[in-house]
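Working notes for the structure below.
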Amino acid sequence: MRLLMVGCGNMGYAMLSAWIASGKLAPADCMVVEPNTALRERAAASGVSVFAGADDIAGDARPDLVVFAVKPQVMEAVVPSYKRFAEAGAAFLSIAAGTRIELFEKLLGSGTPVIRCMPNTPAAIGQGMMVVFANEVVQSEVSDAVAGLLSANGAVTGIASENLMDAVTAVSGSGPAYVFHFIECLTAAAEKAGLPAETAALLARQTVLGAAELAAQSPETPAVLRQQVTSPNGTTAAALGVLMGEDRLKNLIGDAVEAARLRSMELGK
C-alpha cells in the first residue's frame, strides 16, 4: 500500500511509526505532508518522503490511501488540496474527532471512499482502541487493508452508524485522560494516607495496570471481578460504599462521558 499522511503530530506519528515498525508498510511507500519543520524532520528520520505542503508532491504520485491527521478545526481548509488523489482513485482515512464523512464527500466528491477512525493515545504503544466507520463506497478489500494497518496500534472494531462516533469519542477517545486522572487521584490519596510520593505513584500505576490486564484476560465480567475482591464488611467494601453509594461514581462518569459526547457533536457541526 502506498500511503500519504497529511499532518504528522504526535498521534499521526505514533500511528505511522507502528505501521512501519510492524512491517505493514515500507518507508519507501510512505509520504508525509507536515508544514512544521521539526515534526517534518522527525518523520523524515523514519525513512519516509516528506513535504511541506501538498503542492510539493510530484504530479505523478498515486497514493492508495490518504490519511488526514490534522485538527478538525482546519480540516475544511486542508482537504481540497488533496482532491486530485481522490480523482485518481485513492481512499481516505480521517482520525479527526467530530469531523463527519459528509464533509469529505463534499470536498472530495460523493464517490470518494472515506473511513473515519477514532483512535486514542495508547495507540502510541500498540495498546490503543481504534474504532472505524466507512461510507458505502469503501470496498471490503480497502476496509480490510485499513483494519490491518490499524491493528498495529491496538484493538480494532467497527460501528454500524456514524452517529455513534460521538459516543466512541467520549468513551475511548477521551477515556485515557479519565484513567490518567484517576491515577493522579489515587496517588494523591496514597500520599495523604502516609505513603512516600514515589511509592504512592508506583502503587497507583501498577494497580490500574494490573486490574485492567486482569479484566482483559479474565472470562469474568468486571462486576464479577469486583465482587471477588470484595469481602463482606472488609476494607474494599468500605471503600466501595463511598464510590458506589447513591451511584456516585457511576453518575459522575456518566456526566463526564455525556459532556464529551456533546462537545464532539459541536465539533462536527
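The values are calculated or read from the model by the stated rules, or taken from the named source; none is laboratory data. For clarity, every value in this text was computed on a predicted model and none was experimentally measured. Ideal geometry is used to build each Cβ from the backbone, glycine not excepted, and the neighbour counts take in all protein chains shown.
Observations on the model:
- Candidate set from the stretch 224-269 (those that are of a type in the set (Lys, Arg) and at pLDDT 95 or above); member that is surrounded by the most Cβ atoms within 10 Å (Cβ to Cβ): Arg226
- Pair list, Cβ < 9 Å and 6+ apart or interchain, from the stretch 99-119 residues that are closer than 23 Å to Leu149 by Cα and not assigned by TED's automatic domain parsing to the domain that holds Met15 to residues that are crowded, with 21+ Cβ neighbours inside 10 Å and at pLDDT below 95: none
- The residue of the stretch 62-81 that is farthest from Met15 (Cα to Cα), among those that are of a type in the set (A, V, I, L, M) and loosely packed, with under 13 Cβ neighbours inside 10 Å, is Ala77.
- Test: Pro222 is touching a residue at least 12 places away in the same chain (Cβ under 8 Å) and either under 24 Å from the mean Cα position of the chain (by Cα) or assigned by TED's automatic domain parsing to the domain that holds Ala97 (or both): no
- Restricting Val208, Val242, Val257 to those that are hydrophobic (A, V, I, L, M, F, W, C) and closer than 30 Å to Glu102 by Cα reduces the list to Val257.
- Of all residues in the stretch 163-212 being in contact (Cβ under 8 Å) with a residue 40 or more places away in the chain and small (Gly, Ala, Ser), the one that is farthest from Asn120 (Cα to Cα): Ala167
- Filtering the stretch 190-223 to residues that are farther than 29 Å from Met129 by Cα and surrounded by 11 or more Cβ atoms within 10 Å (Cβ to Cβ) leaves Ala190, Glu191, Leu195, Ala197, Thr199.
- Any chance Ala134 is touching an Asp or Glu at 6+ places or on another chain (Cβ under 8 Å) and under 21 Å from Trp19 (Cβ atoms): no
- Of all residues making up the stretch 100-124, the number that are touching a strand residue (DSSP E or B) at 6+ places or on another chain (Cβ under 8 Å) and not in a loop (DSSP other than H, G, I, E, B): 12
- Applying a threshold of 8 Å to beta carbon distances and a minimum spacing of six or more residues, or different chains, the list of pairs starting in the stretch 229-249 at a residue that is closer than 18 Å to Thr207 by Cα and among the hydroxyl-bearing types (Ser, Thr, Tyr) and ending at one that is at pLDDT 95 or above and part of a loop (DSSP other than H, G, I, E, B) reads Thr236/Thr230.
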